[in-house]
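See below for the structure under consideration.
The values are calculated or read from the model by the stated rules, or taken from the named source; none is laboratory data. For clarity, every value in this text was computed on a predicted model and none was experimentally measured. So basically every Cβ, Gly included, is an ideal-geometry build from the backbone, and we count neighbours across all protein chains shown. Note: areas computed on protein heavy atoms with side chains; ligands, DNA, RNA excluded. Shrake-Rupley method; radii C 1.70, N 1.55, O 1.52, S 1.80 Å.
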Amino acid sequence: MSSDNDYDKLTKEEREARDKADREREAAEQAALPYRWKQELGEVDITVPVPKGTRARDLVVVIQKKKLSVGLRGQEKIMEGELCKEIKLEDSTWTLEDQQCLLIHLEKLNKQQWWDNILTHHPKIDTRKIQPENSKLSDLDGETRGMVEKMMFDNQQKQMGKPTSDELKKMEALKKFQAAHPELDFSNAKIS
């Protein structure tokens, strides 16, 4: 894969052509895997097709903090290796659906990071090109939610030509200082 610096030097048409070729290569690599997967920031879901009529007791599924192994009893493993990132073991599960599809749900330990792949030895995807689904404010942790709400408030204030939250804080601090020091004249002061 070429460096980002080379990519920045390309024309718009060359970038689109490279992006298209990269997406096609990535799609072909992912299609060749014995499973399908999708992710959100906090979780990964893997779908592994198994022979019709498979029962849960026929499966050997081992989920560990940094490893995953899936196979049918007495046969070669369908997939096995080191996970690209750590998972929360207690929140990760698997189920067999319609006796032909194994669904594995992995809860990410770091819920703020996209995964390049499931197993470290499998082809990587370009996580810079991921288009995340829209999320609700209620999905965010408290600190992130507060930051996003502040940004939204400041944006609305700017659009209406009103002061942002930081500017309001400065104005409030200045008022308090003026109230505490009535002997000082601020009439010609320029405060930015």
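The table that follows gives values for the structure above.
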{"read-out": "Residue count for region 47-77, restricted to those that are over 11 Å from D98 (Cα atoms) and surrounded by 11 or more Cβ atoms within 10 Å (Cβ to Cβ)", "value": "18"}
{"read-out": "Given (1) open to solvent by 100 Å² or more (accessible area, probe 1.4 Å); (2) touching a Leu at 6+ places or on another chain (Cβ under 9 Å), index of the condition Q157 fails", "value": "(1)"}
{"read-out": "Number of positions in region 1-46 that are surrounded by fewer than 11 Cβ atoms within 10 Å (Cβ to Cβ) and in contact with a strand residue (DSSP E or B) (Cβ under 8 Å, 6 or more places away or on another chain)", "value": "1"}
{"read-out": "Pairs with Cβ under 9 Å, 6+ apart, first in region 161-184 and open to solvent by less than 80 Å² (accessible area, probe 1.4 Å), second among the acidic types (D, E)", "value": "T164/D154; S165/D154; D166/D154"}
{"read-out": "Residues (touching a Phe, Trp or Tyr at 6+ places or on another chain (Cβ under 6 Å) and not in a loop (DSSP other than H, G, I, E, B)) located in region 103-118", "value": "I104"}
{"read-out": "Residue satisfying all of: in region 84-119; among the aromatic types (F, W, Y) and at pLDDT below 95; nearest to R57 (Cα to Cα) among these", "value": "W115"}
{"read-out": "Count of region 125-134 residues which are in a loop (DSSP other than H, G, I, E, B), open to solvent by 70 Å² or more (accessible area, probe 1.4 Å) and either touching a residue at least 12 places away in the same chain (Cβ under 8 Å) or touching a Pro at 6+ places or on another chain (Cβ under 6 Å) (or both)", "value": "2"}
